[in-house]
Structure formats: structure tokens, C-alpha cells
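Asks: Take this structure, written in C-alpha cells, and hold onto it; I'll ask about it next.
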């Protein structure tokens with residue numbers, strides 16, 4: 001049986017072949033496989049590059065989700081402010097404690113949303129608490 005020509009194999013196929021080959025039973029093929037893997041040191045670079053791109057894509061998706069949450073928090077701040085204003089005009093008996101709590105919620109929601117949209121990582125705890 002002749003030695004297998006591994007030059008036409010993809011890097012992934014070479015790794016799979018290495019995982020499945022018996023080095024003692026087929027030493028010539030194993031040595032040829034190892035040589036081909038070593039000659040493709042660039043394969044490691046290519047794999048690392050693909051992995052980095054994948055991680056960057058996942059991070060980008062996570063950033064977009066955080067921004068969407070930020071927009072919802074800004075919308076909640078606006079909604080609370082509108083409800084607070086509507087309540088203060090319709091009910092003259094609204095106490096100052098209720099107004100202070102409402103204003104606090106508006107400010108908190110707005111700050112949490114703004115920091116999420118502007119990607120201010122050290123302030124993400126606001127969005128988490130919110």
C-alpha cells in the first residue's frame with residue numbers, strides 16, 4: 001500500500017485524519033501527514049484569524065442587543081415622564097413623594113439607556129439593575 005498524498009486535503013481534513021490514524025500501523029502515512037501539517041503552519045494562522053472574526057461577530061451582535069435594550073430604557077423614561085405629567089395635571093392631590101419617585105425613575109431609566117447606547121461599559125451595571 002502506498003503513501004497517501006495529503007497535499008489536496010483541507011486543514012480540517014488533515015486534523016481529522018491525524019485524529020483517526022494509527023501511527024504504529026501506518027508510520028509512512030502518519031509521517032507524511034505530520035509533515036503536511038507542519039508545512040501548513042499558516043493553517044494555524046488562518047484558523048486563529050477565523051476564530052477572531054467569529055468572536056468579533058459575536059461581540060458585535062451582543063453590542064447591538066445592548067443598544068436595543070438602551071433604546072427601550074430611553075423609551076421607558078419618556079413613557080414614565082409622560083405618565084407623570086399626565087397624572088400631575090389630572091390629579092391635583094398628587095403628593096410630592098410620588099413626583100420625586102417618578103422623577104427618580106425617569107432619570108434612572110434615561111441614564112441606564114444612555115450609557116448602554118453610548119457603550120460606556122463601566123456603567124452597564126445601571127442597565128443590569130434597571
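Asks: If I fit a long axis through the Cα atoms of helix 27-39 and take the longest principal axis of the Cα atoms of the chain, what angle between them do I get, 0 to 90°, rounded to 10?
Replies: So the inclination is approximately 50 degrees.
Asks: Right, something else. What is the angle, in °, between the Cα long axis of helix 11-20 and the longest principal axis of the Cα atoms in the chain? Nearest 10 is fine, range 0 to 90.
Replies: 70
Asks: Between helix 41-90 and the chain, what is the angle of the helix's C-alpha long axis to the longest principal axis, kept within 0 to 90° and rounded to the nearest 10?
Replies: For helix 41-90, the angle is close to 10 degrees.
Asks: Pick from 25, 62, 77 the residue whose mean-square fluctuation is largest in a GNM of the chain, springs joining Cα atoms under 10 Å.
Replies: Ranking 25, 62, 77 by mean-square fluctuation puts 25 first.
Asks: Tell me which label goes with the value of Cα Rg over 2.2 N^0.38 Å computed from the coordinates here: (1) 1.34; (2) 1.13; (3) 2.14.
Replies: (3)
Asks: Let me ask you something else. Order these by the 10 Å Cβ neighbour count, fewest first: 82, 34.
Replies: By the 10 Å Cβ count, ascending, the order reads 82, 34.
Asks: Now a separate question. Averaging sequence separations of C-alpha pairs under 8 Å and six or more residues apart, then dividing by the length of the chain, give the relative contact order as a whole percent.
Replies: Result for the chain is 22 percent.
Asks: Can you give the calculated 222 nm mean residue ellipticity of the chain, where each DSSP H run of n ≥ 4 adds -39,500 (n - 2.57) and the sum is split over every residue, rounded to the nearest 500 deg cm²/dmol?
Replies: -27000 deg cm²/dmol
Asks: Here is a follow-up. Taking 8 Å as the Cα distance limit and 6 or more residues as the minimum spacing, I'd like the relative contact order of region 59-129 as a percentage.
Replies: Result for region 59-129 is 45 percent.
No value in this document is a laboratory result; all are computed from the given coordinates. Please read these numbers as outputs of a predicted model, since none were measured by experiment. Neighbour counts are summed over all protein chains in view; Cβ atoms, including those assigned to glycine, are modelled from backbone coordinates with ideal geometry.
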